[in-house]
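Before any comments, here is the structure.
The values are calculated or read from the model by the stated rules, or taken from the named source; none is laboratory data. Model, not experiment: these values are computed from the prediction. Don't worry about glycine lacking a Cβ; one is built from the backbone with ideal geometry, like all the others, and counts go over all protein chains shown.
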């Protein structure tokens, strides 16, 4: 993969398989992984529910249509794609392991030691029918030295590691691979969608100090907690913006499509701010009739309150937020509802902001071409329009791929090793330390 990156521009495509819509984004980078062009689009999805593929033929048809649109927008043939995985069967667990580096005395920790202890921790915490999507290193411990980020090159006797695992059933992955293959594409990566969203909705500084990201989808809401720069907790709740639409549909006796339109156009989570007499005119069939906005809001506000309280209870059962200086960010299409941010601030008792995607690019580049317009590039951060908030996950795949490829290059040429010869010399030193 590295040789391809160094030779020419790279096309990165991320696909977010949502229950109501499939969203996809394409990023074109130069050989140094600087973003040159960004395009995104979405299409109504059929054949998927709560992250599970229910009809692969229908979903394949939708995906093919969406890819054709993006190929037309970018003028590029799309072949390799990254796909998000989400759903209540995605599992999150802590994993740890410890091993002696040597029978007696001390030895230098090598990259091989670090890989071996991580592999040991993964194998201890994985069932036969599962596959690891992400293994996030939280810390290493070398003898009595706790919270080491990189023990390589240090002397010690015992090495331990703490990981945070994102795990999926193998069948979920196999079905995803089958979908991509049926669409005439090649699967490059599978990423937990929450991690993709976090890569563009949260800054590195926020992740370091402590941040909570809430991503409200159509029928699932995921929330992630970051601390010391890494993901330390995540969970998925069986509730999304579609539940609000269903409530409006049932209470007002309206078709679900009309309820969805009313929610997006006239909905508000700020019940107390709406005038008692304010009305909107709704078309149902061939007739028109008025509905008071306060009635709509009286349905939406309790639904969102229930969602936020469920998240708050889960967070409080995991860690104490009292006195914690954390950032709280909300993204996903439902987060654009009027009054939602203010309601969240009231429930969580902390400032809340919208998670509008922001991509990292080179400082020297001109504005990046985004769909038919341009995004402003300030100091290496590409500011995207608020409409991109609905595409946070698919755009996040592009940033995640750029970060991963950059990390891969750094891992090859680290510690000042800017060429393959220096890298090989470094690896020879590791091997020598391992056996002598």
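Kindly indicate which of 340, 319 is within 22 Å of the chain's Cα centre (by Cα) and either modelled with pLDDT of 95 or more or within 27 Å of residue 16 (Cβ to Cβ) (or both). Unique residue meeting the criteria: 340. Is it the case, given these coordinates, that residue 166 is assigned by the TED database to the domain that holds residue 124, under 15 Å from residue 396 (Cβ atoms) and either in contact with a helix residue (DSSP H, G or I) (Cβ under 6 Å, 6 or more places away or on another chain) or not in a helix (DSSP H, G or I) (or both)? Taking the combined requirement at face value, the residue satisfies it. Output the residue which, of all residues in the range 131-163 that are at pLDDT 90 or above and part of a loop (DSSP other than H, G, I, E, B), is nearest to residue 192 (Cα to Cα). Per the criteria, the residue is 150. So which of 325, 277 is outside the structural domain of residue 386 (by the TED database), in contact with a helix residue (DSSP H, G or I) (Cβ under 7 Å, 6 or more places away or on another chain) and modelled with pLDDT under 90? Exactly one residue qualifies, and that residue is 325. Residue 68 meets all of the listed conditions (1) over 29 Å from residue 238 (Cβ atoms); (2) not in a helix (DSSP H, G or I) but one, namely (2). Just one of the numbered conditions (1) in contact (Cβ under 8 Å) with a residue 60 or more places away in the chain; (2) under 17 Å from residue 86 (Cα atoms) is not true of residue 27: (2). Residues of the range 82-130 being in contact with a strand residue (DSSP E or B) (Cβ under 7 Å, 6 or more places away or on another chain), part of a loop (DSSP other than H, G, I, E, B) and either buried (at least 16 other Cβ atoms within 10 Å of the Cβ) or at pLDDT below 90 (or both), which ones? Result: 86, 87, 88, 89, 90, 101, 109, 125, 126. Restricting attention to the range 282-306, the residues that are under 38 Å from the mean Cα position of the chain (by Cα) and more than 17 Å from residue 250 (Cβ to Cβ) add up to 5.
Restricting attention to the range 22-42, the residues that are surrounded by fewer than 18 Cβ atoms within 10 Å (Cβ to Cβ) and assigned to a strand (DSSP E or B) add up to 1.
Take the conditions (1) under 34 Å from the mean Cα position of the chain (by Cα); (2) modelled with pLDDT under 90; residue 260 misses just one of them, which is (2).
In summary, residue 66 fulfils each of the numbered conditions (1) buried (at least 19 other Cβ atoms within 10 Å of the Cβ); (2) on the phi > 0 side of the Ramachandran plot with the single exception of condition (2).
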